[in-house]
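A quick write-up on the structure given underneath.
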Amino acid sequence: MPVIKAGAFDLEFADAGAGPAVVLVHSSASGHRQWRRLVENLQGRYRLIAVNLFGYGKTSSWPGARPLTAADQAELVAAAAALAGEPVALVGHSLGGLVALEAAARLAGRVRVVVAFEPILFGDLKVHGPARAYDEIAGLASRYHELARSGDWNAAGEWFVDYWTGPDAWAAIPDERKQNMLAMLPAVMHEWDMATSGTRPIEGWRAITAPVHLIHAADTRTPTREIVKLLAKHYPDWHVHEVPSGGHMAPVARPDLVNPVIAAAIDGANGTGGE
């Protein structure tokens with residue numbers, strides 16, 4: 001995969017297809033390969049640039065001299081968007097949804113449309129509630145940090161994956177893939193803190209000038225469901241879409257449900273009807 005400089009950092013990305021550019025931003029403990037099915041579907045009419053965020057693949061790890069912020073991650077996305085030389089579509093899932101929103105706020109007129117699947121804006125949830133939803137995710141983060149500090153990455157992975165994917169999901173992952181995921185888990189430490197305290201307040205999303213599409217699953221976790229509801233309340237002009245199943249990991253578990261929604265949003269912004 002190609003690597004470019006994003007300021008002082010290395011940025012690895014995949015680049016496929018041709019046409020108007022779409023920048024894809026992955027979730028935690030994942031990587032640009034999570035978008036493989038979407039790339040296959042869209043590369044006949046779009047250029048798909050899928051980035052690796054800090055600590056994934058050959059992208060630099062976050063140095064940790066200060067807390068990671070969404071703005072730091074968004075600089076990686078901005079570097080990828082600059083490859084296109086024209087306004088881009090931004091698509092993100094979970095962590096990537098948050099980063100895509102931040103990048104859109106910073107890039108303004110250089111973005112055609114934003115599609116965010118359940119962005120993890122835990123800081124907004126902390127401020128605006130409901131408290132039970134924030135307490136649930138704060139408890140998950142606290143236990144993750146505890147396990148990570150003890151060096152028990154296998155238990156941390158199990159705690160993290162089983163929460164977002166379902167009971168025994170970690171145990172069912174093949175060993176080779178599990179080893180790859182274990183290598184990604186240290187980056188999640190920075191991402192928890194970023195999602196809670198390293199983002200702009202909810203009013204700050206008014207800086208986004210492009211159309212925004214929020215997607216969520218009917219059977220997702222309470223915290224991410226409440227974040228989508230909170231954003232929809234504050235931004236009634238944003239488009240909200242629901243897929244019937246797949247939970248928070250639906251972009252990976254049920255791309256057959258999620259990818260058509262993403263494609264329709266991109267096609268609509270581009271003035272096409274797709275294929």
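The values are calculated or read from the model by the stated rules, or taken from the named source; none is laboratory data. It should be emphasised that the depicted structure is a prediction, and the values quoted were computed from it without experimental measurement. Virtual Cβ from ideal backbone geometry, glycine too; neighbours counted across all protein chains shown. Heads up: the accessible areas ignore ligands, DNA and RNA and are worked out on the full protein's heavy atoms, side chains in. Shrake-Rupley method; radii C 1.70, N 1.55, O 1.52, S 1.80 Å.
Which condition breaks for A156 when tested against (1) buried (at least 20 other Cβ atoms within 10 Å of the Cβ); (2) within 30 Å of N270 (Cα to Cα)?
(2)
Looking only at residues in the range 250-275 that are polar (S, T, N, Q) and part of a helix (DSSP H, G or I), which one is farthest from R37 (Cα to Cα)?
N270
Would you mind stating whether V258 is in contact (Cβ under 8 Å) with a residue 24 or more places away in the chain, crowded, with 20+ Cβ neighbours inside 10 Å and touching a helix residue (DSSP H, G or I) at 6+ places or on another chain (Cβ under 6 Å)?
yes
Can you pull out every residue in the range 159-185 that is open to solvent by 60 Å² or more (accessible area, probe 1.4 Å) and closer than 22 Å to S60 by Cβ?
Once the filter is applied, which keeps residues that are open to solvent by 60 Å² or more (accessible area, probe 1.4 Å) and closer than 22 Å to S60 by Cβ, the range 159-185 yields Q179, N180, A183.
When you scan the range 101-108, do you find a residue that is open to solvent by 30 Å² or more (accessible area, probe 1.4 Å) and in contact with a Pro (Cβ under 7 Å, 6 or more places away or on another chain), even just one?
no
Sort out for me the helices (runs of 4 or more DSSP H) sitting completely within the range 156-249 that have 2 or more residues that are within 17 Å of the chain's Cα centre (by Cα).
175-197, 222-234
Quick one: what pairs do we get from the range 157-182, first residue aliphatic (A, V, I, L, M), second at pLDDT below 95 and part of a helix (DSSP H, G or I), C-beta under 8 Å, 6+ apart or different chains?
Hits for this filter: V161/M181; I173/M181.
Looking at the range 14-33, which of its residues are closer than 19 Å to L101 by Cα and in a strand (DSSP E or B)?
Residues satisfying the conditions are A21, V22, V23, L24, V25.
Identify all residues within the range 190-208 that are more than 28 Å from A148 (Cα to Cα) and either at pLDDT below 95 or surrounded by 14 or more Cβ atoms within 10 Å (Cβ to Cβ) (or both); write none if there are none.
Correct list: I202, W205, A207, I208.
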